[in-house]
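Worksheet: the structure to be examined is printed underneath.
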Amino acid sequence: MITITKLKQAVVDLLKDQFPDYAVYGEGQPQTNSQRYFLVDLKSMSQTKQLNKRYYREHRFDIQFSTDQQITEVLEQLYQCLSYLPYGGGVVRGTRMNQELEDGVVHVYVNYNFRLVEQLELEPQMQNLKQEEFLNE
């Protein structure tokens with residue numbers, strides 16, 4: 001099952017793996033004097049009901065970072081690694097990627113979208129069948 005917490009943790013784990021020299025935070029404000037950090041934040045999420053038990057879910061992430069390197073070099077590497085997110089034994093494609101510079105901090109936005117099918121537990125339609133009469137052959 002796709003959960004918001006697991007998806008966010010997959011993004012954090014990917015950044016830790018691809019940028020080992022950076023501190024990566026999943027919540028709150030960076031509490032470090034480090035010039036190199038990432039902060040992963042889920043900006044918005046929406047779910048649209050489709051046919052029957054199907055849903056379309058969109059997750060928009062804001063990844064803030066600060067670096068002492070050339071920003072364009074980090075952005076290039078970041079775009080590459082966020083393009084395909086390993087998740088649940090498969091890969092999810094990142095879409096609608098863009099970046100903005102606000103107050104000296106770079107914000108990179110990426111969407112991860114899924115189609116879901118609701119799984120319901122099947123209950124037996126009938127409990128017991130008792131046969132009282134038999135046919136003669």
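The table for this structure:
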read-out: Amide H contacts of Val105 (H built 1.01 Å from N, under 5 Å, at least 5 apart or other chain); value: none
read-out: The chain - percent relative contact order, Cα under 8 Å, separation 6 or more; value: 20 percent
read-out: Percent breakdown of C-alpha pair distances by 5 Å bin, ordered from the shortest bin, for the chain; value: 2, 8, 17, 19, 14, 9, 6, 4, 4, 3, 2, 2, 2, 2, 2, 1, 1, 0, 0
read-out: Lysine pair number, Cα distance threshold 17 Å (strictly under), the range 4-117, separation 8 or more or different chains; value: 4
read-out: Total charge dipole magnitude, the chain, about the Cα centre, Cβ charges on Lys, Arg, Asp, Glu only, Debye to nearest 20; value: 280 debye
read-out: Length gained when the stretch Gln77-Val105 is fully extended (0.36 nm per residue, less Cα-Cα span); value: 8.4 nm
read-out: Long-range amide H partners of Tyr84 with built H, under 5 Å; value: Gly94
read-out: Degrees, to the nearest 10: 4-18 long Cα axis against longest axis of the chain; value: 40 degrees
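Laboratory data are not the source of any read-out in this text; all were calculated from the coordinates shown. Everything numeric in this text was worked out from a predicted model, so none of it was measured. FYI the Cβ positions are ideal-geometry reconstructions off the backbone, even for glycines, and counts take in every protein chain you see.
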